[in-house]
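Note sheet for the following structure.
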Amino acid sequence: MKATFARIMENRWFSRMLSPMFLLLLALLFSLLTGGRFSNPRNLRMVLEQALVVATVATGAVFIFATGNVNISMGAATALIATLAAQAYLASNSLAVMFLVALAAGAFTLAVTALLSTALHVRVLYITVVMMTLLSSLQKGILGSSTIQIPYEFTSALKNANVPLYIFLGFLVFCIILFHFTGFGRKLRYIGINDVCAELTGFKKSRYLFLAFVVAGIGVGLGAVMTIIRNGSITTDTAASLNMDCMLAIVLGGMSAFGGSRSYVHSAIIGAVTVTVLNNGLLMIGVSSMILQAIRGVIFIILLVLSQKRPKGLPSQEG
Amino acid sequence: MKARKIVSLVLALVMLLAIAVPAGAEGFRKVKVAYATNATDETFVGRKKGLEELVGPTLNMEFMYSEALSDAGALTTFIENAFASGCEGVFVDLANAMDQGAAVANDLGMWYVGVSSADSAVNYDLPYYVSVVGASAQGYGTSYATAIESVLSDGEEHSILILSGAAAYGATSFIEGTAGSLRALQEIYGLTYTRDINELATSSTSVDAENDKGVKITVVPGMGPDLTNTVSPMLQSGEYDVVVGTTTIYGSLSVAVDEVEKATGKNIFFISRDVLSDTIGNAFHTNDSTGHPVMDAVVTQATFETVSGMILLRNAIDGYADNMRADGRCSRVPGSAPLVVVSAEQFDILSAEDIPFAFCTAEDILALTGPDATWEAIDAFGASLTTEAVIEKFNK
């Protein structure tokens, strides 16, 4: 019995389908409990819109997670880049300039993070801890006590034209192709399985880590644009919980916290939507927001236990 | 004959139903309203209790509360989820995203009231933006001036430490609290500052408010737990005998003040912003090591804004939005200035068990609802809730 259970847990398709199936069941359950109000198209659209910023930033972050590394400066980077991009928009009154500034600043910031890690031979996690503080201080220095307000007509028009959705879909397709259908994605996963082995095979870790951070930086830049559109204002509290939300989304979406072969780009959107569906659905059935956190925590722990067991026999640094 | 019997039966049934299933408190239809908060602290718990026990039953309203929200993104998500849960209105206590929240609510067709000590800056003409409530910055200034005048008008010269909270970050209630304190000291000592009062109040570093009478006045920015580390050494110098907090400082500084009083044998006057809790009651009733009350004056956190906000929402939901808005834009309802409590006796009267939340009775609330109610009437009622008026009304 125990062996059968272990076999099921280690099955590649089980780990791949667990999170999407859970999400589907959750959606069905909430639809039943709310008499169909949850599955109302308007509500489903709201749920999707709520998940888009986290899904976009987390989709880029999958490239870093796949290498077995963790970047905890994504929230601070998004907040800083949103600040820069919003200022660029207000100065130029041009959407294109806002996009360009966000993409360039996003890719540059995360590229610097990767370079610092590889050049100084310091683990990615430690560098990102420093970067998180540094980027946050920079944003506070730029903003001070002020709030950047973006005209409502501008953000509303972009929202109504579904710009955030198109940005996300474009980035998702780009990432799926790059991660699942090119040698680049395979090499990142290989580094995640065993970086020493990958280096010995001829894959230069520093080079691929740099590229992974650049892709994640593009995600951060796009996430910053979407944050501007959704929030309509930028303060020092903007994107305060984004980092944790992204990490949670990736893991809840079925991707292994260890990276490697069980890394999937779709994990980000599945995880982000799962978190949003839980919040929305539980509130709709009348759960108090104070109890909601506890229920959410219990469900997250169950999902983590089910999906995060490292497969036996997988080659790793520990052997 | 048979038809008459059926009609009688139907009429009897309708009457029975009318008795058995009332439309709600005083005939109000049951509505659900969302409450977005920036903190789940003691103030919020008190407001929640007031809503559940007084406003909800009186106006037949059900409330849905948020977690502690920090930015416009989290507020947007909460408003959208509240709409999905059937809320028809939303009350937002998150000043840095107040006007953005109004736009989100407007898109969803939800009536909206924000809390701020300043008026709306943008989006004020959106049709679902009902009002901005909350004691005005000037109200805070006046209340602090009253507190300082009542504590320091003893003819003695004092050295004063004013903690300006988030004034350096542009928070208007803190700026006015600090400026009001400085103006009161100007009045008491007849002094003239060498720098502009507003400049002193918004300083982002500790600054001495130099003046022609040589009275020692220092303005210190900052709030939260870090305040203890900044202020304790200043108190330990023994230079100051008055501490004025434009934020809640009792929890973070009472121990430090007590230690300095014991060490120097000198009384330190303590003026703070806070709620009328048991802790503050004990501070008024307990004497420190020098034989003086631990707490000398409290500028209370405003509570009427919660009641006025819900009355404005109830009226808007019921179809009287035009009366709740001002000339095609959201109204500004500052209501009452924060009350000032300067003695244990006043504290006991204002915090008695039978005192209704925000000093409003169910009758007061009902008088401000319906087709004849206006935002001006709600504002005027709030303005009538002065410390003296409330004490007179409830002191039995």
Practice problem: State all residues of the stretch B:88-109 that are outside any helix (DSSP H, G or I) and either crowded, with 24+ Cβ neighbours inside 10 Å or out of contact with any strand residue (DSSP E or B) (no Cβ under 9 Å at 6 or more places or on another chain) (or both); if no residue qualifies, say none. | Solution: B:89, B:90, B:91, B:92, B:93, B:94, B:109
Exercise. Filter the stretch B:56-78 for residues that are in contact (Cβ under 8 Å) with a residue 24 or more places away in the chain and in a helix (DSSP H, G or I) and give the result.
Key: B:57, B:58, B:59, B:72, B:75, B:76, B:78
Self-check item: Out of A:252, A:211, sole residue that is among the hydrophobic types (A, V, I, L, M, F, W, C) and closer than 22 Å to residue A:187 by Cα
Solution: A:211
Self-check item: Meets criteria (away from chain A (no Cβ under 13 Å) and among the polar types (S, T, N, Q)) for residue B:60
Solution: yes
Quiz item: If you check residue B:96 against the conditions, is it touching a Phe, Trp or Tyr at 6+ places or on another chain (Cβ under 8 Å), assigned by TED's automatic domain parsing to the domain that holds residue B:41 and not aromatic (Phe, Trp, Tyr)?
Solution: no
Quiz item: What tally of residues in the stretch B:363-378 results from selecting those that are surrounded by fewer than 20 Cβ atoms within 10 Å (Cβ to Cβ) and part of a helix (DSSP H, G or I)?
Solution: 6
Quiz item: Out of the residues in the stretch B:156-181 that are within 14 Å of chain A (Cβ to nearest Cβ) and β-branched (Val, Ile, Thr), which is nearest to the chain's Cα centre (by Cα)?
Solution: B:172
Exercise. Output the qualifying pairs, or none if there are none: Cβ atoms under 6 angstrom, residues six or more apart or on different chains, first residue in the stretch A:236-252 and within 13 Å of another protein chain (Cβ to nearest Cβ), second residue surrounded by fewer than 24 Cβ atoms within 10 Å (Cβ to Cβ).
Key: A:236/A:140; A:236/A:143; A:237/B:70; A:240/B:70
Quiz item: Given A:167, A:150, A:191, which one is within 12 Å of chain B (Cβ to nearest Cβ) and crowded, with 16+ Cβ neighbours inside 10 Å?
Solution: A:150
Exercise. Using the structure shown, decide if residue A:93 is on the phi > 0 side of the Ramachandran plot and either at pLDDT 95 or above or not hydrophobic (A, V, I, L, M, F, W, C) (or both).
Key: yes
Self-check item: Only one of B:81, B:96 that is within 12 Å of chain A (Cβ to nearest Cβ) and touching a residue at least 12 places away in the same chain (Cβ under 8 Å)
Solution: B:96
Quiz item: Restricting attention to the stretch B:327-336, which residues are buried (at least 18 other Cβ atoms within 10 Å of the Cβ) and touching a strand residue (DSSP E or B) at 6+ places or on another chain (Cβ under 8 Å)?
Solution: B:330, B:331, B:332, B:333, B:334, B:335
Practice problem: Specify the residue that is surrounded by the fewest Cβ atoms within 10 Å (Cβ to Cβ); the eligible residues are those in the stretch B:66-78 that are in contact with a helix residue (DSSP H, G or I) (Cβ under 7 Å, 6 or more places away or on another chain) and at the interface with chain A (Cβ under 7 Å from one of its Cβ atoms). | Solution: B:67
Quiz item: How about the stretch A:271-306: which of its residues are within 11 Å of chain B (Cβ to nearest Cβ), more than 22 Å from the chain's Cα centre (by Cα) and among the small types (Gly, Ala, Ser)?
Solution: A:286, A:288, A:289
Practice problem: Kindly indicate whether residue A:230 is within 14 Å of chain B (Cβ to nearest Cβ), surrounded by fewer than 23 Cβ atoms within 10 Å (Cβ to Cβ) and of a type in the set (Lys, Arg). | Solution: yes
Quiz item: Does any residue of the stretch B:46-55 turn out to be part of a helix (DSSP H, G or I), closer than 26 Å to residue A:284 by Cα and at pLDDT below 90?
Solution: yes
Quiz prompt | Residues (of a type in the set (A, V, I, L, M, F, W, C), over 24 Å from residue B:166 (Cα atoms), out of contact with any Ser or Thr (no Cβ under 7 Å at 6 or more places or on another chain) and within 11 Å of chain A (Cβ to nearest Cβ)) located in the stretch B:104-135 | solution = B:108, B:126
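The values are calculated or read from the model by the stated rules, or taken from the named source; none is laboratory data. Quantities reported herein were computed from a predicted structural model and do not represent experimental measurements. A quick note on method: Cβ atoms are made from the backbone with ideal geometry, for glycine too, and the neighbour counts reach across all protein chains shown.
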